Amino acid sequence: MIRYAKPTTVDETLALLGEDRWRILAGGTDFYPAQGAKPFRDNVLDINALAELRGIAETGEHWRIGARTTWTDIVRHPLPAAFDALKSAAREVGSVQIQNVASVAGNLCNASPAADGVPALLALDADVELRSAKAVRHLALGDFILGNRRTALQPGEMVTAIRVPKRSAAGSSAFVKLGARRYLVISIAMAAARLVVENGVVADAAIAVGACSAVARRLAGVEAALRGQPVTSVLADAVLSAPIDELSPIADVRGSAEYRQAAAREIVARAVRAAIGHGEGKVAA
């Protein structure tokens, strides 16, 4: 017999996680489609009553995004320009109805290579707060997502927050998604760019690409090529010759590996242009 529980506090939730194996239900936008018509086999832990896990707060060293915070919450909350890429990505997570209920942590825990929120959070140097009944730990987002549908969650743990360091909430950012149509589409490729400009020169750059490898990746070679460059209308040209060895795209019904590799470079260039105010739209179809 399976169990269903809907705790009202985080401590109660963690106690339940420590005594049995559970499948966590938050927004449910991936939970129910994955279940389909199959009967439930797992215990269901419904965390939708945990109000303390929803919301965005500014602390001394971080911006803290509660695990149950929705994509609509991200869009509506006043945040620095460095979060503009994340806001743009939030508007691409399914329909508005999905954005109203889908949680940020759910997007990460689902661990799809095409999860829209991941590149922008990688560009913000985000980490993931993991809690169990016995401990709290923090993992860089790049260390938390291990592969398609795989994360570093340990038995008894749950994601309670995503944190963005204040030092990384600097500069301006943009997000570009390539899909087969304008709305409600799984990405062929997507890119987030965050640039810090000082005295007309790129002082720092953070570039991440999703849907072109088993997990979204930061592009260290592109970042290095951009640092120190003057901010002009040809800044994005530095992207066209920079190494992008981190990507290992696959071929599927949405595009060949070769197309993805070429498209990734182009949308990174577009994201860079958009981040400095010379860009076109946020979505390329």
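A short reminder: the numbers here are calculations on the coordinates, not readings from a lab. Quantities reported herein were computed from a predicted structural model and do not represent experimental measurements. Ideal geometry is used to build each Cβ from the backbone, glycine not excepted, and the neighbour counts take in all protein chains shown.
Before moving on, here are some points about what is shown:
- Positive minus negative residues near Cys212 (Lys, Arg vs Asp, Glu; Cβ under 11 Å): +2
- Cα gyration tensor category, rounded, prolate or oblate, for region 145-215 with a/c compared to 1.5: oblate
- Label-zone membership for region 219-248, site Gln261, 7 angstrom Cα→C-beta point, backbone N under 15 Å: 241-248
- For the chain: lysine pairs under 27 Å (alpha-carbon distance), excluding those fewer than 8 apart on one chain: 8
- Applying both filters, DSSP loop and at most 16 other Cβ atoms within 10 Å, to the trypsin sites (Lys or Arg not before Pro) of region 171-239 gives Arg181, Arg182, Arg227.
- Relative contact order (%) - criterion: Cα under 8 Å, at least six apart; region: region 10-73: 29 percent
- Sorted peptide list for 146-152, 267-273, criterion being average Cβ within 10 angstrom, highest first: 267-273, 146-152
- Our estimate of slack between Ala152 and Val136, defined as 0.36 nm per intervening residue step minus the Cα-Cα distance, is 4.4 nm.
- Remark: relative contact order (region 128-285) = 23 percent; criterion is Cα-Cα distance under 8 angstrom and separation of 6 or more residues.
- Angle between the chain longest axis and helix 257-275 axis [Cα atoms, degrees, rounded to 10]: 80 degrees
- For the chain, taking the reciprocal of the average inverse distance between every pair of different Cα atoms yields a Kirkwood hydrodynamic radius of 19.3 Å.
- Virtual paramagnetic centre 7 Å along Cα→Cβ of Leu240, amide N under 12 Å, in region 254-275: 266, 269-270
- Shape category assigned to region 129-185 from the gyration tensor of Cα positions, a/c cut at 1.5: oblate
- When only the Cβ of Lys, Arg, Asp and Glu is charged (+1, +1, -1, -1), the dipole of the chain relative to its Cα centre reaches about 540 debye.
- Region 44-164: relative contact order as a whole-number percent, Cα under 8 Å and 6+ apart: 26 percent
- Angle between the chain longest axis and helix 10-19 axis [Cα atoms, degrees, rounded to 10]: 70 degrees
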